[in-house]
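Take a look at the structure set out below.
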2 protein chains.
Amino acid sequence: MIIDRLWARVKERGPICVGLDPSEDVYPPGFGAEFPSPAEAALRFCQEIAAATGDLVACFKVQIAHFEALGVDGLRAYRDLLRQLRGEGHLVIGDAKRGDIASTAAHYARAHLGGEFAADFLTVNAYFGFDAVAPFLPYLESGEHGLFVLVRTSNPSAGEFQDVPVAGRPLYVHVAERVALWGEPYRRSSGYSLLGAVVGAGREVLAYLRPRFPSLFFLVPGYGAQGGRAEDVAPAFREGNGAVVVAARSVLAAHRGKPAPLEGFPRYAREAVQAMAEDLAPWLR
Amino acid sequence: MIIDRLWARVKERGPICVGLDPSEDVYPPGFGAEFPSPAEAALRFCQEIAAATGDLVACFKVQIAHFEALGVDGLRAYRDLLRQLRGEGHLVIGDAKRGDIASTAAHYARAHLGGEFAADFLTVNAYFGFDAVAPFLPYLESGEHGLFVLVRTSNPSAGEFQDVPVAGRPLYVHVAERVALWGEPYRRSSGYSLLGAVVGAGREVLAYLRPRFPSLFFLVPGYGAQGGRAEDVAPAFREGNGAVVVAARSVLAAHRGKPAPLEGFPRYAREAVQAMAEDLAPWLR
């Protein structure tokens, strides 16, 4: 049961999820020139980061947009990266945030859970309501796959629609209620459902949602480079589990301003994960 | 100015947008066996449909999910199809419904407006609010690209979140207001903005939105196989323009129950478009 495996990883290694978002913005100076294509550079960069941090993380989150921007070659690199990471025993979240009407969602489900781009978990957008999520559910029956549904995101404009008051409560609470309801049949032995929620680093939002939705495992973006601090993500946890916290840029670009970034970037990434683990530790007890 | 070109196409040819959603569900019996891969079959099917209907339509909408389900080969077919259709002078909507935080959305914008998968128009999901739409806007400056932002979709569960009452009005009205506001700087000579809206076939919703949002060009799914009738899409128009109506399955699978479907499917698709044009004509005056 994939959600129980994620829970066990958090228990064993802590709640860090390294976000693999490759781009020239985060490469060390000089990186990439030796590869035949930008897609190959992206793949190699992620492989290096994963090799340097894999034993410290609960899971990896791979952002497909960064590969999609590189075209067909980029998507081949995305596929190969997911295959490799999962083959090595890592848990992988495909961060695609897909969402469409049911007949279309069935194709996305096939692509990202059953097909060539299969991940352990997929992020989905539920603006279409339940019937857009339903086509993903058959892939959850085996227990081998899970979803994280967007509830409350971490970006500055998140509140523009997500916080609009609905019957006195923000819309995202309404969404969380539905996600918990949809996920009830998929609760597993850890107590968490195979349907989890994306909830951005924000102290008040997390503190409100955590006790009210005990079955929802949280995928928490927004720590580090996006501005979230340890105390902002702390309320996501229950007994030190039930959530993974994403760090991407703060890990990938940890070489910034350091000596020998090109040679040292994997080590700097590892040190950044270790520093993050120390930063979070007091809040996990 | 791409929105003015779309307006001119509607004026010249009527408001039909054929949705290219290839899958075994819509292929005639026996189709596909002669091609080396499912991706090649999807590409060829779409090419045949486009060749048979291209002079009758305002634009094509290509559903990327159907190609994504076929993996890397599928996305190569998507790329090649868009390049071919645009090269032939057709207007093409890339139906990807992407949406993410700004730094990620910038990669999607690069992929689908500036890069290998470039379309004339792209559908986007605005659940993240304005900052997730902003990275697409630089591609609109030249006038060569436009967006259709999800406002109200056509699926049975659409109302679950989109219709929740916000200050006495459904959420989708709130979204439409923002889209119109964001799009104000992008109004072009036809009076329509390069930022349009996806609004499903529904008489009441369209009748409410059309007079209130004169700058929004509507992309209207839901006609035909999804249940929408001509009178349900009629309120989308203003003087017979300002909207395109999508038909996919009703055109792609028009061969069902007809003689010689394998040889005749392009002709049946053409006849289905012609029948749809006749069905809509009384409502365009």
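Of all DSSP-defined beta bridges confined to chain A, some 10% are antiparallel rather than parallel. Among B:Asp232, A:Asp100, the order by Cβ neighbours within 10 angstrom, fewest to most, reads B:Asp232, A:Asp100. Sorted into 5 angstrom bins from 0, the C-alpha pair distances of the range B:122-169 split as 5, 17, 22, 20, 16, 10, 8, 2 percent. If I take every Cα pair under 8 Å that is 6 or more residues apart in chain B, average their sequence separation and divide by the length, what percent do I get for the relative contact order? It rounds to 21 percent for chain B.
With the label put 7 angstrom out from Cα along the Cα-to-Cβ vector, B:Glu24 ends up 4.3 nm from the copy partners, going from closest to farthest. Considering chain A as a Gaussian network with a 10 Å cut-off on Cα pairs, which listed residue, A:Ala247, A:Ala275, A:Ala52, attains the greatest mean-square fluctuation? Fluctuation is largest for A:Ala275. In this simple spin-label model, placing a label point 7 Å from the Cα along the Cα-to-Cβ direction at both B:Arg13 and A:Asp25 gives a separation of 3.8 nm.
Label reach from B:Ser142 (point 7 Å along Cα→C-beta): in the range B:100-127, amide nitrogens under 18 Å belong to B:106-123. In straight-distance terms, cross-link reach from A:Lys11 covers every one of the aspartates and glutamates whose alpha-carbon lies under 12 Å from its own, apart from those fewer than eight places away in the same chain; here that gives A:Glu239. Can you tell me which of B:Asn241, B:Asn125, B:Asn155 moves the most in a GNM of chain B? Springs connect C-alpha atoms under 10 Å apart. In this elastic network of chain B, the residue with the biggest mean-square fluctuation among B:Asn241, B:Asn125, B:Asn155 is B:Asn155. Helical runs (DSSP H, four residues minimum) scored at -39500 (n - 2.57) apiece and divided by the length of the protein assembly as shown put the mean residue ellipticity at 222 nm at -12000 deg cm²/dmol. The fewest-to-most ranking of B:Met1, A:Met276 by surrounding Cβ atoms within 10 Å reads B:Met1, A:Met276. You can think of it this way: the chain between B:Glu231 and B:Ala134 has 31.4 nm of extra reach, that is 0.36 nm per residue less the Cα-Cα gap. Computed from the C-beta positions of B:Lys258 and B:Ala207 and an R0 of 35 Å, the FRET efficiency is 0.50 to the nearest 0.05. Counting only DSSP beta bridges whose two residues both lie in the range B:132-231, roughly 25 percent are antiparallel.
Relative to the other identical copies, A:Pro185 shows label-point distances of 4.8 nm, where the label point lies 7 Å from Cα along the Cβ direction and values run shortest first. Springs between Cα atoms under 10 Å define the GNM used for chain B, and in it the highest mean-square fluctuation of B:Glu160, B:Glu68, B:Glu263 occurs at B:Glu160. Is the shape of the range B:170-285 best called rounded, prolate or oblate, per the rule: a/c under 1.5 gives rounded, else a/b larger than b/c gives prolate, else oblate, with a ≥ b ≥ c the square roots of the Cα gyration tensor eigenvalues? Here the range B:170-285 falls in the prolate category.
A straight Cα-to-Cα reach below 15 Å connects A:Lys258 with the aspartates and glutamates A:Glu271, residues fewer than 8 places away in its own chain not being considered. Roughly how many Å is it from the Cα centre of the range A:217-285 to that of the range B:123-169, as a whole number? So the separation of the two Cα centres works out to 32 Å. Distances from A:Pro156 to the same position in the other copies: list them in nm, one decimal, shortest first, using label points 7 Å from Cα along Cα→Cβ. Once sorted, the set of distances for A:Pro156 reads 4.2 nm.
A straight Cα-to-Cα reach below 18 Å connects B:Lys97 with the lysines A:Lys97, B:Lys61, residues fewer than 8 places away in its own chain not being considered. The modelled label-to-label distance for the pair A:Ala51/A:Glu239, using points 7 Å beyond Cα in the direction of Cβ, is 3.8 nm.
Which of the three applies to the protein assembly as shown, rounded, prolate or oblate, going by the alpha-carbon gyration tensor with a ≥ b ≥ c and a/c under 1.5 meaning rounded? Prolate, since a/c reaches 1.5 and a/b exceeds b/c.
When each of A:Phe45, B:Phe237, A:Phe35, A:Phe130 is scored by the number of other beta-carbon atoms lying within 10 Å, the sequence from fewest to most is A:Phe35, A:Phe130, B:Phe237, A:Phe45.
The numbers here are math on the coordinates, done by the rules we state, and not lab data. If you're wondering where the values come from, they're calculated on a predicted model, not measured in any experiment. Don't worry about glycine lacking a Cβ; one is built from the backbone with ideal geometry, like all the others, and counts go over all protein chains shown.
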